[in-house]
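The values are calculated or read from the model by the stated rules, or taken from the named source; none is laboratory data. Quantities reported herein were computed from a predicted structural model and do not represent experimental measurements. A quick note on method: Cβ atoms are made from the backbone with ideal geometry, for glycine too, and the neighbour counts reach across all protein chains shown.
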Amino acid sequence: MSGILYIVPTPIGNLSDISQRALDVLSEVSLIAAEDTRHSGQLLHHYGIGTKTISLHDHNEAQRTQILIKKLSEGESIALISDAGTPLISDPGYTLVSTCRAHKLKVIALPGPCALTTALSASGLPTDQFMFSGFLPVKQKAKQDAITSAAKRHMTCVFYESPRRVKDTILTCIDVLPALHHIVLAKELSKHFETYISGSAQEVLSWLEEDQAHQKGEFVLMLYCKAPNDEALPAQAIALLNQLGALLPPKQAAAVVSEHYKLNKKQLYEYALANKTK
């Protein structure tokens, strides 16, 4: 009989968050495929687990998959773990798991820690619908496009972000997000310095700039943009905007109404765009 590939979540910070079932599996399998064997070695040593490990990461997954498929086919059971959290969620493992499925090898996923669901559940943002897109693109134009697209979905959108790029990402949010937006930035989940910062992109930026230490750690960025709400604008402002819309481009009309009524220009512009064909 063939062996089983177990997908085993590991703690995202607090070592106590690992389940007894996960510990049992890691102790009983023949081999543990780990994203970084040195990093995972600390967890295994902490719990006295001596199971042999092999590395499986983005740069060697194709090669390692062939080795592991052979072992599984010969009856060995293997655990797949990442550095932290649930494997395959913005971590390696897709090639291995999809190949196992193609070979009709048994795959069992254990429930457990995941930064995505941990951050989302405590964010205070709507959770009836949400979109997870992993890490944002590095290139500026692609990042702008991704955030702009997320804003149009009018649901909570979740991204992972690195400490090196978090400030630049919030600056991009300031540039492209509509007026009706809400950001929650979660930092160092389940660790000693766990923090949730909630507010506008500008307010989050102010917090990041208060102290360089605020830009260190691992981040989950969550943003929610409400659909344009006509009732949020005074009737007089809407009337003037509609009148000017017949004479001026939406951006110029919004600027005039914003100055006259001291209202948010972005919100007026979004209303003008949404209603320009009405």
Q | Hits in the stretch 231-270 (condition: β-branched (Val, Ile, Thr) and either under 21 Å from HIS154 (Cβ atoms) or touching a Pro at 6+ places or on another chain (Cβ under 7 Å) (or both)) | A | ILE238
Q. Could you say which residue among LEU263, LEU268 is outside any helix (DSSP H, G or I), closer than 20 Å to ILE174 by Cα, touching a residue at least 24 places away in the same chain (Cβ under 8 Å) and out of contact with any strand residue (DSSP E or B) (no Cβ under 7 Å at 6 or more places or on another chain)?
A. LEU263
Q | The lone exception for LEU136 - which of (1) out of contact with any strand residue (DSSP E or B) (no Cβ under 7 Å at 6 or more places or on another chain); (2) within 30 Å of GLN63 (Cβ to Cβ); (3) not assigned by TED's automatic domain parsing to the domain that holds ARG21 it fails | A | (1)
**Q.** the stretch 54-93, residues that are under 30 Å from the mean Cα position of the chain (by Cα), touching a residue at least 12 places away in the same chain (Cβ under 8 Å), surrounded by fewer than 18 Cβ atoms within 10 Å (Cβ to Cβ) and not in a helix (DSSP H, G or I)
**A.** ILE54, SER55, HIS57, ASP58, ASP83, LEU88, ILE89, SER90
Q.
Condition first: under 27 Å from HIS182 (Cα atoms) and either surrounded by fewer than 15 Cβ atoms within 10 Å (Cβ to Cβ) or charged (D, E, K, R) (or both). Now tell me which residues in the stretch 233-260 satisfy that.
A. PRO234, ALA235, GLN236, LYS251, GLN252, GLU259, HIS260
Q: State whether one or more residues within the stretch 169-177 are surrounded by fewer than 19 Cβ atoms within 10 Å (Cβ to Cβ) and in a loop (DSSP other than H, G, I, E, B).
A: no
Q. Taking into account only those residues within the stretch 98-114 that are out of contact with any Ser or Thr (no Cβ under 9 Å at 6 or more places or on another chain) and in contact (Cβ under 8 Å) with a residue 40 or more places away in the chain, which is farthest from LEU43 (Cα to Cα)?
A. VAL107
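Yes/no matrix, rows are residues, columns are (1) free of Cβ contacts under 8 Å to residues at least 12 places away in the same chain; (2) in a helix (DSSP H, G or I); (3) under 26 Å from LYS266 (Cβ atoms):
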| site | (1), (2), (3) |
| --- | --- |
| VAL184 | no, no, yes |
| LYS191 | no, no, no |
| ILE197 | no, no, yes |
| GLU209 | no, yes, yes |
| ALA213 | yes, yes, no |
| LEU221 | no, no, yes |
| ALA227 | no, no, yes |
Q.
Considering only the stretch 34-45, I want to know if a residue exists there that is touching a residue at least 40 places away in the same chain (Cβ under 8 Å), in a strand (DSSP E or B) and under 29 Å from the mean Cα position of the chain (by Cα).
A. yes
